[in-house]
Amino acid sequence: MTLPIYADRLARARAALAEAGTDALLLTPGANLLYLTGFEPRYSGERLLAFILQRDGAALWITPAMNQAEVEQSALPGQQMRVWMDEEWHLPSLRDATAGLKTVAFDDETRAAFLLDLLAIAPEVRVGKASGVMRGLRTCKDAAELAALRAAARTVDETIPEVLALCRPGRREMDVEEALRGALRRHSPESEVAFSIVASGPNSALPHHHTGGRELRHGDVVVLDYGTRLRWYHSDITVTCTVGEPADPEVRKVYRSVWEAQQKALAAIRPGVACAAVDAAARESIRAAGYGEYFIHRTGHGIGLDVHEPPYLVAGNEEPLAEGMCFSVEPGIYLPGRFGVRLEVIATVTASGVELLNAPSSPELLDALVG
């Protein structure tokens, strides 16, 4: 990203502050700070490192001395800086930086201790959530962001055949996961492996199973959910396969039901459609197949600088889809103690409908022992 991009984002953030009637944003390390400034510290931890943007244009960094050099590399011309030493702690700098402010929108992921510090030294300040200001800035991706998301999506798509081939009887989930991560690093050395889940047999019925020591068996269903981070932007994909012919005779029916639900959801995506309507399309399809009570999560989540971010494809969210929104489409069916199936791709809203950033999910159940 270039300096003009960040200058434009800061201007849009000030306009959003004015519209919200909020005096300032206070952002700490995380996706919001990265979006507005391009800055991501190596580490700050319990030390307060913050960027304060006022709607009148003033911008100020509060930084520990140990982070000063890296902050200076990212600060734009005209941005002020307050540097504090460990022996003095951050309270004086925080007090000075917020003097005269009546309303401050705090980063949603800021440590509660920092918020409590502000309320203790400036009890007259009213605080709100930065997401109310930042959401409108980050939800619709620009051309550069879409290019980054497409590149990240390719890093996972390219590994699918190799990852499927890892699923063999006798291998532990953790062995498959380790090899999966190695495959991701080989295919895209510049990417970080953001997360991975390998869930086999009855574990596949747990949507966020913690990869463990269970050995894969012939006939198992295996859910593979993994993603990378490339140039700050994330990928996220879920593939479901079997190790040979499925042991449970209902697997193929469930797989087809999930795939059809995903297609119904994708077909519903276009500008102006409510997020809830996309969820409803997938949910009704699964309900009609007889598995409604086993679809136990929303249909999708936004993706970008965070793996999970707005918009959310969930019942009750009447936010209309808009061009540039990016999100997962990942219906699933989970039969406790037996198996689960989930299929996930990343999609973006276009002027006329939808574009998949990933290769389409296979309409047929994949057998890891074939091919």
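The values are calculated or read from the model by the stated rules, or taken from the named source; none is laboratory data. On a predicted model such as this, the values are computed, not experimentally measured, just so you know. Please note: Cβ atoms are built from the backbone with ideal geometry, for glycine as well, and neighbour counts cover all protein chains shown.
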Log entry, pairs with first residue in region 1-28 being over 27 Å from Gly45 (Cβ atoms), second being assigned to a helix (DSSP H, G or I), beta carbons closer than 7 Å, six or more apart or on different chains, reads Arg12/Leu137; Ala16/Val133; Ala16/Gly136; Ala16/Leu137; Leu17/Val133; Ala20/Gly132; Ala20/Val133; Thr22/Val133
In region 91-107, what residues are farther than 23 Å from Glu19 by Cβ and surrounded by fewer than 21 Cβ atoms within 10 Å (Cβ to Cβ)?
Leu91, Pro92, Arg95, Asp96, Ala99
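If you go through region 331-343 one residue at a time, do you hit one that is touching a Cys at 6+ places or on another chain (Cβ under 7 Å), of a type in the set (A, V, I, L, M, F, W, C) and within 23 Å of Ala152 (Cα to Cα)?
The answer is no, given that none of the residues of region 331-343 is touching a Cys at 6+ places or on another chain (Cβ under 7 Å), of a type in the set (A, V, I, L, M, F, W, C) and within 23 Å of Ala152 (Cα to Cα).
Only one residue in Gly21, Gly78, Gly38 is assigned by TED's automatic domain parsing to the domain that holds Phe114, surrounded by fewer than 19 Cβ atoms within 10 Å (Cβ to Cβ) and either under 26 Å from His308 (Cα atoms) or in contact with a strand residue (DSSP E or B) (Cβ under 6 Å, 6 or more places away or on another chain) (or both). Which one?
On the way: Gly21 fails: either under 26 Å from His308 (Cα atoms) or in contact with a strand residue (DSSP E or B) (Cβ under 6 Å, 6 or more places away or on another chain) (or both); Gly78 fails: either under 26 Å from His308 (Cα atoms) or in contact with a strand residue (DSSP E or B) (Cβ under 6 Å, 6 or more places away or on another chain) (or both).
Exactly one residue qualifies, and that residue is Gly38.
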For region 188-232: of the residues being part of a loop (DSSP other than H, G, I, E, B) and among the aliphatic types (A, V, I, L, M), which is farthest from Leu149 (Cα to Cα)?
Leu216
For region 227-246, pairs from a residue that is acidic (Asp, Glu) to a residue that is part of a strand (DSSP E or B), with Cβ under 6 Å and 6 or more apart or across chains, are Asp236/Gly227; Asp236/Ser328
Please count how many residues of region 167-199 are hydrophobic (A, V, I, L, M, F, W, C) and free of Cβ contacts under 8 Å to residues at least 60 places away in the same chain.
9
Looking at Val156, Val104 in this structure, which one is closer than 30 Å to Gly324 by Cα, modelled with pLDDT of 95 or more and more than 22 Å from the chain's Cα centre (by Cα)?
Val104
